[in-house]
Amino acid sequence: MEGLEDILAEGLSVVFCGINPGLLAAARGHHFAGRGNRFWRTLHLAGFTPEEVRPENDRSILEYQCGLTAVVARPTARADQLSAQEFTAAAVSFEQKIARYAPLHVAFLGKAAYVGLSGQKVIQWGRQAQTFCGAAVWVLPNPSGRNLAFALEQLVAAYRQLYRAACLQTNPGFDPTL
């Protein structure tokens, strides 16, 4: 089974980087297609989209200055089925991809992918001090339905911080209290 096609364009505000595609998403050919995945709902509630996007319309995310990719292309049932070597092997091409498209923000969905790329053992949630190919780095909770450590409200709050930062960067008159 093949991975998912990236949904990217040059100069996006945010590129959301999943760890790798789930089996169902890869089979359907659409990002975050699993019934229990909360990505699209979270994105909408955090302010990125005016309505909840359906997975089959995932390409429409470009209209909102956002893109989608995965660090590792190989689909699995669970992210813990990936090896550290797979992250290492994916690092160079992933870095080239981010450098080519030059988003303002790169949001890693879950700590595993960023740990695998950065080599850091301890990572906090939210904005990181480092940049990645010139983009501000964010580590956000994974919206997978398997991630029971975060309720929907917690996901929305974390993603909303990124939304406000992105809006401030592209629109200095933006009121982040909205």
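General observations
- Counting only protein heavy atoms and a probe of 1.4 Å, the accessible surface of the range 14-168 is 52% carbon and sulfur.
- Peptide packing: for 14-21, 66-73, the average count of neighbouring Cβ atoms within 10 Å per residue gives the ranking 14-21, 66-73, highest mean first.
- Ranking Lys111, Lys97 from most to least accessible surface, computed with a 1.4 Å probe over the protein chains only, gives Lys111, Lys97.
- Ranked by how many other beta carbons lie within 10 Å on average, peptides 38-48, 76-86 from highest: 38-48, 76-86
- For the peptides 117-123, 161-167, residues were scored by their other Cβ atoms within 10 Å and the scores averaged per peptide; the highest-first order is 161-167, 117-123.
- Mean accessible surface per residue for the range 14-168, computed with a 1.4 Å probe while every protein chain stays in place, in Å²: 47 Å²
- Selected from Val106, Pro75, Leu162, residue furthest toward positive end of dipole (the range 14-168; charges at beta carbon): Pro75
- Length-normalised contact order for the chain - Cα pairs under 8 Å, 6+ apart - percent: 28 percent
- Charging the Cβ of each Asp and Glu at -1 and of each Lys and Arg at +1, and nothing else, the dipole of the range 72-178 about its Cα centre rounds to 100 debye.
- Other residues within the sphere of radius under 10 Å centred on the Cβ of Gly47, judged by their own Cβ, net out at +2 (K and R +1, D and E -1).
- Note, ³J(HN,Hα) from phi for the range 144-149, Karplus 6.51, -1.76, 1.60, rounded to Hz, x at Gly and Pro: 4, x, 6, 7, 7, 6
The values are calculated or read from the model by the stated rules, or taken from the named source; none is laboratory data. None of these values were measured; they are calculated from a predicted model. Don't worry about glycine lacking a Cβ; one is built from the backbone with ideal geometry, like all the others, and counts go over all protein chains shown. To get the accessible areas, we keep the full protein, side chains included, count just its heavy atoms, and leave off ligands, DNA and RNA. Shrake-Rupley method; radii C 1.70, N 1.55, O 1.52, S 1.80 Å.
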